[in-house]
1. Taking the stretch 88-114 as the region of interest, how many residues are among the aliphatic types (A, V, I, L, M), closer than 18 Å to V35 by Cβ and surrounded by fewer than 18 Cβ atoms within 10 Å (Cβ to Cβ)?
2. For the stretch 65-84, indicate whether the set of residues that are among the hydrophobic types (A, V, I, L, M, F, W, C), over 26 Å from I44 (Cβ atoms), touching a residue at least 12 places away in the same chain (Cβ under 8 Å) and surrounded by 20 or more Cβ atoms within 10 Å (Cβ to Cβ) is non-empty.
3. Report, ordered by the first and then the second residue, all pairs with beta carbons closer than 8 Å, sequence separation of six or more or different chains, a first member in the stretch 51-62 that is under 10 Å from I119 (Cβ atoms) and β-branched (V, I, T), and a second member that is part of a loop (DSSP other than H, G, I, E, B) and modelled with pLDDT of 95 or more.
4. Just checking, which of V140, V105, V168, V109 is in contact with a strand residue (DSSP E or B) (Cβ under 8 Å, 6 or more places away or on another chain), closer than 26 Å to D47 by Cα, at pLDDT 95 or above and not basic (K, R)?
5. Do you know which residues across the stretch 77-93 are in contact with a helix residue (DSSP H, G or I) (Cβ under 9 Å, 6 or more places away or on another chain) and within 11 Å of F132 (Cβ to Cβ)?
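The values are calculated or read from the model by the stated rules, or taken from the named source; none is laboratory data. Source: prediction; values computed, not measured. Glycine also receives a Cβ, built like all others from the backbone with ideal geometry; neighbour counts cover every protein chain displayed.
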Amino acid sequence: MVRRLATVVVMLVVMSQLVLLLQAPAQGLTYRFSVPKEYVDVHIRQDGGIDIDYTIDFVNYADMDGIDIGLPNKYYDLNSARASLTVQGASYAPSGISASPYLEVGVAVELGSSARSQIENRQGGAPFTLYFHITNPHMVYENEIVSGTVGIRFRPTWFGSSYQQGPVGGLRTRIFFPPGFSDL
């Protein structure tokens, strides 16, 4: 009886491991891309937040199921996030936008199967453009150097060298001040 019970337990353990393997997400995705252009426009809001608008050109050489975008602080408004991809003139909506599982402060733009079929594993790479918008509150800070003034701290997102091939071809960051702004 003990022997039979031990055999059943071993079989259950083996079967549960097999079920876990079958349910596990695809492992071994290879990420490899270049970034010919990254443009970001930052609009300072009257309420002390900022609106961030990215236009990032990619050339993808391997797998890509999503793009993670780092943000300035943890107060970003996920409900304000919008994104789209353009591949050879066709526009694709992401399958979702959520908190990044890989970045401490950032979001993941999940690519849908239609977009992935157009950009993954293409001979010579597949160019596409990501358009991304989000609002990030709590961005205007008191200037510690010049009393009575304020400023923002912003650094554009970047991608790790284990994924991105070469430097960004063109990087531009523009800051737009709110209506009525005066430097006096």
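1. In the first step, residues of the stretch 88-114 are kept if they are among the aliphatic types (A, V, I, L, M); the result is 90, 93, 97, 99, 103, 105, 107-109, 111.
Adding the requirement that they be closer than 18 Å to V35 by Cβ leaves 103, 107-109, 111.
Among the residues that remain, those that are also surrounded by fewer than 18 Cβ atoms within 10 Å (Cβ to Cβ) are: 103.
Selection size over the stretch 88-114: 1.
2. Of all residues in the stretch 65-84, those among the hydrophobic types (A, V, I, L, M, F, W, C) come to 67, 69, 71, 78, 81, 83.
When the remaining residues are screened for being over 26 Å from I44 (Cβ atoms), the result is none.
Checking the stretch 65-84: not a single residue is among the hydrophobic types (A, V, I, L, M, F, W, C), over 26 Å from I44 (Cβ atoms), touching a residue at least 12 places away in the same chain (Cβ under 8 Å) and surrounded by 20 or more Cβ atoms within 10 Å (Cβ to Cβ).
3. Pairs found: V59/G125.
4. Numbers: V140 fails: at pLDDT 95 or above; V168 fails: closer than 26 Å to D47 by Cα; V109 fails: closer than 26 Å to D47 by Cα.
Among V140, V105, V168, V109, only V105 is in contact with a strand residue (DSSP E or B) (Cβ under 8 Å, 6 or more places away or on another chain), closer than 26 Å to D47 by Cα, at pLDDT 95 or above and not basic (K, R).
5. Looking only at the stretch 77-93, we keep the residues that are in contact with a helix residue (DSSP H, G or I) (Cβ under 9 Å, 6 or more places away or on another chain), and these are 85, 87-88, 90, 92-93.
Listed by number, the list holds a single entry, L85.
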